[in-house]
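Visitor: First the structure, which I've put down as structure tokens, then a few questions once you've had a look.
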Amino acid sequence: MISQALPSAVEWRVQVQNVSKEFPPALGSSTLAISNVSFEVRNHEFLTIVGPSGCGKSTLLNILAGLAQPTAGTILVDGVEHARRTPFFGYMFQKDLLLPWRTIVDNVALGLEVQGVSKAEARREALRVLERFKLARFGDRYPVQLSVGMRQRVALMRTLVCDRPVLLLDEPFGALDALTRSVMQEWLLETWMVERRTVIFITHDIDESIFLSDRVLIMSSHPGRIKGEFRVPFARPRTHECLATPEFTELKRYVLDQLYDESVKAFQDEA
Ligand code: ADP
């Protein structure tokens, strides 16, 4: 196993400190996507960032993944500047990005192959992960033979196999219908409980943010700032039954109050 992990028994944290990102002008003026964003995430924590469309959630994840550079601010991983800790973050996108000509096991292995692991070793490791999460029976199939939900599971396996300490999940269920989405949310929590890898999850779905997380950060509309934060009080393991509790409704109302004006503002900005 190619382990980038810090010892999981030891406390460490990722600190995002005053991070801003301004995109240079394409035609007219530049775009300030996020402004002065600060937060922390600890090992084993499931943190969700919820915010209106266009508030800079993906930009923030791209910066954490090292795909974009911040214009200002720093990211520390266990007290050390992020650039010296890479590769530390595994990234899963909304689209599964599976290669249609590769079998499922070879798609999962791809994450390791691009890191320079031999094909045989990457395949062995991919099979081990598929077995661990009870998906080995799909190993010889091709992406086209799987449902959209199953493809997302495989995409998560491809992210997990790389054994990065922090998983960045960018609206992974955004394209799914409501029922598949709730099945996938429960599956994600079961999967997460196996290793309790640190997760930073992005969504604009309030129910999803509360149901999945230990802690939720609320982002303002463009330019994105952290405007609120709360700890989710529900015990784990969780099932969708907790969505019907008065405590859930109360938390949802709180987030809605915080986000409604932001969503209107985002809509007006766009118009
Ligand atoms: P979200 O993920 O919350 O929907 P994004 O991070 O995709 O938001 O975008 C935040 C803002 O930054 C938007 O106004 C978007 O148009 C702008 N933006 C994102 N990427 C670029 C880019 N490469 N160049 C210019 N502007 C960008």
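The rows are residues; the columns are (1) part of a strand (DSSP E or B); (2) in contact (Cβ under 8 Å) with a residue 40 or more places away in the chain; (3) more than 16 Å from the ligand (Cβ to nearest atom).
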residue	(1), (2), (3)
Ala175	no, yes, no
Trp192	no, yes, yes
Phe201	yes, yes, no
Glu229	yes, yes, yes
Leu256	no, yes, yes
Leu259	no, yes, no
Ala266	no, yes, no
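Visitor: Now for a separate question. Please state which one of Ala244, Ala266, Ala235 is closer than 30 Å to Glu22 by Cα, more than 20 Å from the chain's Cα centre (by Cα) and among the aliphatic types (A, V, I, L, M).
Guide: From the options Ala244, Ala266, Ala235, the qualifying one is Ala266.
Visitor: Further question: Residues that are surrounded by 23 or more Cβ atoms within 10 Å (Cβ to Cβ), within 10 Å of the ligand (Cβ to nearest atom) and among the β-branched types (Val, Ile, Thr): does segment 12-24 have at least one?
Guide: No; the residues of segment 12-24 include none that is surrounded by 23 or more Cβ atoms within 10 Å (Cβ to Cβ), within 10 Å of the ligand (Cβ to nearest atom) and among the β-branched types (Val, Ile, Thr).
Visitor: Now a separate question. Please state which one of Val14, Val41, Val37, Val77 is touching a Phe, Trp or Tyr at 6+ places or on another chain (Cβ under 6 Å) and modelled with pLDDT of 90 or more. Before the answer, list the steps.
Guide: Values: Val14 fails: touching a Phe, Trp or Tyr at 6+ places or on another chain (Cβ under 6 Å); Val41 fails: touching a Phe, Trp or Tyr at 6+ places or on another chain (Cβ under 6 Å); Val37 fails: touching a Phe, Trp or Tyr at 6+ places or on another chain (Cβ under 6 Å).
Criteria check complete, one pass: Val77.
Visitor: Here is a further query. Which one of these does Leu60 not meet: (1) part of a helix (DSSP H, G or I); (2) farther than 19 Å from Leu167 by Cα?
Guide: Only one criterion is unmet by Leu60, namely (2).
Visitor: Please enumerate the residues belonging to segment 36-61 that are more than 15 Å from Ser209 (Cβ to Cβ), surrounded by 20 or more Cβ atoms within 10 Å (Cβ to Cβ) and more than 11 Å from the ligand (Cβ to nearest atom).
Guide: Answer for segment 36-61, where residues must be more than 15 Å from Ser209 (Cβ to Cβ), surrounded by 20 or more Cβ atoms within 10 Å (Cβ to Cβ) and more than 11 Å from the ligand (Cβ to nearest atom): Val37, Asn43.
Visitor: Test of understanding: among Leu64, Leu99, which residue is surrounded by 15 or more Cβ atoms within 10 Å (Cβ to Cβ) and aliphatic (A, V, I, L, M)?
Guide: Leu64
Visitor: Looking only at residues in segment 64-102 that are assigned to a helix (DSSP H, G or I) and either among the small types (Gly, Ala, Ser) or more than 26 Å from Leu176 (Cβ to Cβ) (or both), which one is farthest from the ligand (Cβ to nearest atom)?
Guide: Among residues in segment 64-102 that are assigned to a helix (DSSP H, G or I) and either among the small types (Gly, Ala, Ser) or more than 26 Å from Leu176 (Cβ to Cβ) (or both), the one farthest from the ligand (Cβ to nearest atom) is Arg84.
Visitor: Moving on. Does Gly116 satisfy the condition of being touching a residue at least 24 places away in the same chain (Cβ under 8 Å) and out of contact with any Asp or Glu (no Cβ under 7 Å at 6 or more places or on another chain)?
Guide: Considered against the rule, which asks whether it is touching a residue at least 24 places away in the same chain (Cβ under 8 Å) and out of contact with any Asp or Glu (no Cβ under 7 Å at 6 or more places or on another chain), Gly116 comes out as no.
Visitor: Would you please name the residue that is farthest from Cys162 (Cα to Cα), looking only at residues in segment 103-133 that are part of a loop (DSSP other than H, G, I, E, B) and under 21 Å from the mean Cα position of the chain (by Cα)? Before the answer, list the steps.
Guide: If we filter segment 103-133 for residues that are part of a loop (DSSP other than H, G, I, E, B), which is where we start, we get 103, 114-118, 133.
If we keep only those that are under 21 Å from the mean Cα position of the chain (by Cα) too, we end up with 114-115, 133.
Working: Val114: 10, Gln115: 9, Phe133: 15 Å.
By that ranking, first place goes to Phe133.
The values are calculated or read from the model by the stated rules, or taken from the named source; none is laboratory data. What you see is a predicted model, and the numbers here were worked out from it, not measured in a lab. A quick note on method: Cβ atoms are made from the backbone with ideal geometry, for glycine too, and the neighbour counts reach across all protein chains shown.
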